[in-house]
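**Q** Take a look at the following structure, please.
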Amino acid sequence: MPEAPKTLSDYADNCIDDRVGCILVENNNKALQLIEDVTSDADHVQQRVLSEILSRSANAEYLQRNGLNGSTDRETFKKIMPVVTYDDLKPDIERIANGDSSPILCSQPISEFLTSSGTSAGERKLMPTIEEELDRRSQLYSLLMPVMSQFVLDFVLTVNVFNANGAAVEQMSGTNVAKVFLVRD
């Protein structure tokens, strides 16, 4: 019996007759390469992203109120902007939630509010987000499957469940287990 491929690249070597599988492997490899590219120089990427955010939101009330004055470099940001809690931002967030569309926290319009689970202080917290953030979350979620296919084993268990009338209803329950790689000196 042939051995199952251990990695996506092993699968790619064996997918001559499976065009859909080959495309999946190719897309997964591209996604894994993107993760590698972004994380290999994370400091530079973080500086660039911070600069872009600060540049676009230079007119935001919150940044102006704290005296950032259009600066976009990390050192100035760290020196001027205070470390804050949710309660510090809550009045601004409530203004946005109550319909104030002026650039309070950022220059882009707030497209939705996410809510926390409420476990840290017993109440849910509103987290304003912009359309671009939805795109980033979508991209992040699209990277999960390539990573999971490399490092997570999926198990699906089918069980019979009976409804109130005694009829069998099939349900699936799933779990996954992280693959463990041991490195020895």
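The values are calculated or read from the model by the stated rules, or taken from the named source; none is laboratory data. Everything numeric in this text was worked out from a predicted model, so none of it was measured. So basically every Cβ, Gly included, is an ideal-geometry build from the backbone, and we count neighbours across all protein chains shown.
**Q** When you go through (1) out of contact with any helix residue (DSSP H, G or I) (no Cβ under 7 Å at 6 or more places or on another chain); (2) under 30 Å from Cys22 (Cβ atoms) one by one for Val38, which number turns out not to apply?
**A** So Val38 meets the others, but not (1).
**Q** Restricting region 46-79 to residues that are closer than 23 Å to Met127 by Cβ and β-branched (Val, Ile, Thr), which is nearest to the chain's Cα centre (by Cα)?
**A** My answer is Val49.
**Q** Further question on the same structure: Taking region 47-75 as the search range and keeping residues that are free of Cβ contacts under 8 Å to residues at least 24 places away in the same chain and polar (S, T, N, Q), which one is surrounded by the fewest Cβ atoms within 10 Å (Cβ to Cβ)?
**A** That would be Asn69.
**Q** Identify all residues within region 88-116 that are of a type in the set (D, E, K, R) and farther than 17 Å from Glu61 by Cα; write none if there are none. Spell out the reasoning first.
**A** So the first thing to find is which residues in region 88-116 are of a type in the set (D, E, K, R), and the list is 88, 90, 92, 94-95, 100, 112.
Within region 88-116, Glu112 is the sole residue that qualifies.
**Q** Please pick out the residue among Leu63, Leu24 that is in a helix (DSSP H, G or I) and at pLDDT 95 or above.
**A** So the residue among Leu63, Leu24 that is in a helix (DSSP H, G or I) and at pLDDT 95 or above is Leu63.
**Q** Do we have Thr119 as of a type in the set (Ser, Thr, Tyr) and either closer than 20 Å to Glu61 by Cβ or modelled with pLDDT of 85 or more (or both) here?
**A** The answer is no for Thr119.
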